[in-house]
1. I'd like to know how region 118-205 sits against the 2.2 N^0.38 Å rule of thumb: what's its Cα Rg over that expected value?
2. What is the percent carbon and sulfur in the accessible area of region 231-305, measuring with a 1.4 Å probe over the protein chains and ignoring ligands?
3. Nothing charged except the Cβ atoms of Lys and Arg (+1) and of Asp and Glu (-1): what's the magnitude of the dipole of region 357-433 about its Cα centre? Round to the nearest 20 debye.
4. Do any GluC sites (Glu not before Pro) in region 147-241 lie in a loop, going by DSSP, with at most 14 other beta-carbon atoms within 10 Å of their beta carbon, and if so which?
5. For Arg449, Arg41, write out the residues from largest to smallest accessible area, computed with a 1.4 angstrom probe and no ligands counted.
6. Report, in degrees rounded to the nearest 10, the 0 to 90 angle that the Cα long axis of helix 533-543 makes with the longest principal axis of the chain.
7. Given the Cα-Cα distance of Glu314 and Asp531 and 0.36 nm per residue of separation, how much length would full extension add, in nm?
8. Grab every C-alpha pair in region 264-374, bin the distances at 5 angstrom width from 0 up to the longest one, and report whole percents.
Amino acid sequence: MTASAPARVTGLTALPPRTVEFRGARGGQAALTWGQQGIWRSTQWLDDGDPYFNLAWTLPVTGAAGLDAVLRAVGRLVERHETLRTVFVRDGDGTSQRVNREGRLTVGVYEAAAKPMSAAKALAAELAATGFDYAAELPIRCAVVCQGGRPRALALALSHLALDGWSLNMVAAEWPRLVAGEDLPGPDWQPLDQAAVERSDPPPGGQALRHWRTGLASAPRSMFDFPAREPEEPRFVRHGMESPAAAVAAEALAARHGVTTSSVLTVASAALLAAVTGHSTAALQLIVSNRHHPGMEAMAGPAAQDGLCVIDLEAGTFADALRRGHRRTMATYRNGHYDPALVLAAWEAEAWDRGADIDLDAFFNDVRQAGRWQGLPPVDPGDAAALAALRGRTRTFFVGAYSKVKARIFFATGPAPSTCEFYVLVDTAFLPGDVAERMLTGLEELLVRALSEEVPLDQVAKVAGLDPVRRPAGWTAIGHDWVDLPESEALLRRVCGTDPAAVVVEDSGDDTADGAAARLTGYLVARPGLDTPEAVHAAVMRAAAGRTDVLAPHHYVLCAAPPADPTGWPACPRLIEGGGRTPSSTMTVLGR
């Protein structure tokens, strides 16, 4: 297996590549770990060869180590960490991880005319610009950059299926010791070990599954239940911000309210998203590192999974939301380790009961080490003039545009220790691209304003300078969900073919149903194939797949004939009625 690339980087001269042979302690094949499954599903959503999940990484070579010593260190790194000699193969049961016990890796060698670290970073980006062949290629490509014949840096391209941010820090800590020739003890835990634990009986994660079920039941089915717009090209845009003032404000708010800065940023992101989309409850998927679980702290390989965080923004101030939201974020981080198949089943069950696909493609990822900043400027957050001067150092910038991303919106921190490095990616099919930048400056304004005054939650959009989406006539709130009633009725009519049908907002008689008394009742004429609520609900759910504007009726009433007046459906003689979600024994059968 080879892993080199042509050097198109200015100032680099290619030398003959070298081959590194490796032999690890073991090989083997197992199911994907839960962390690997999350990355794998995302890679399959992309086009073949898409490098979105590649990581470019550069490690310095210090001291007087020669090329042979550096190559030996590369070999020892691959031998130590099974994840670096793993391929991912499809089989009859899906996809497996296969660890090669031995093999060889081709390492490029280049001579830099000047600035070898800069050249290595450019070379790493070049190595990472092409997607990996996961079944045939090791998840590592590397090259040594020399100056004057002496190695100065190692350029790496790594698949996210092999390493995550935590693992990169592990490798960075090991690297100088390996180059120096230290005989490091082998890792105690590898992905093969993790896969065995996750397939134990019973598997871990029962509490996390209950957390997901509770969150799914209380979350909006989508934060983007409003009319789509013509997307920009490319469709997904990402903007970034560096704001030491936002960091200072977040630290002060965290101390004042007894929460973490991660919770401050999470709740602020949720409040901005809810303000723009017209919701009083926000649902974000948090990227949970899971490194607090036994063994996983020392494992090189992806461990993170998505955790569902549902934050109440119904009433009160931003400070109130911080206290409520902190409890939810902490619960989410505690419950991020679970069997994805069981969560998917819970997700689908909730969608079936809710009456529409659940779209929770809104994410937050805090990548900071230990979840805090280490080197903030010494500014008194109570000194308004000093804080204002600090805001003069805020910088926003365009990061990039992408044609395909599995997210409607993605909030993320960066690793910078002395400023709030923050990013927002938006799907322009729902929000204009410039909303990403305005959310960044709005985040800073919200945090700084909350230091000196109570910010009502219903004023967040105004404070942040954001324009809430406008839903046209016909849209109404049913519980946590916004619904286009005319389109929902049109959908039922299409399912019924040429027969008439109607969708009516009625009182459910239960104030706790979906968080409100209102429910949608669908009226239609029974016919072969559509003669039970279950059959109708199944047909409506198939027709509504992927849509965020419609909702299946909560209750179906099947009649023998349509009324003469379109408004007369509730008075029609009824054959059978029910929700269509439960077995027929729970339905009410009339006139039979």
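The values are calculated or read from the model by the stated rules, or taken from the named source; none is laboratory data. None of these values were measured; they are calculated from a predicted model. Here the Cβ is made from the backbone with ideal geometry for all residues, glycine too, and neighbour counts use every protein chain on show. Note: areas computed on protein heavy atoms with side chains; ligands, DNA, RNA excluded. Shrake-Rupley method; radii C 1.70, N 1.55, O 1.52, S 1.80 Å.
1. Rounded to two decimals, the normalised Rg is 1.38.
2. 53
3. Computed about the Cα centre, the dipole is about 260 debye.
4. Passing both the DSSP loop test and the Cβ count: Glu182.
5. Listed by decreasing accessible area, they come as Arg41, Arg449.
6. Here the helix axis deviates by roughly 50 degrees.
7. 74.1 nm
8. Answer for region 264-374: a P(r) of 2, 11, 18, 22, 19, 15, 8, 4, 1, 0 percent.
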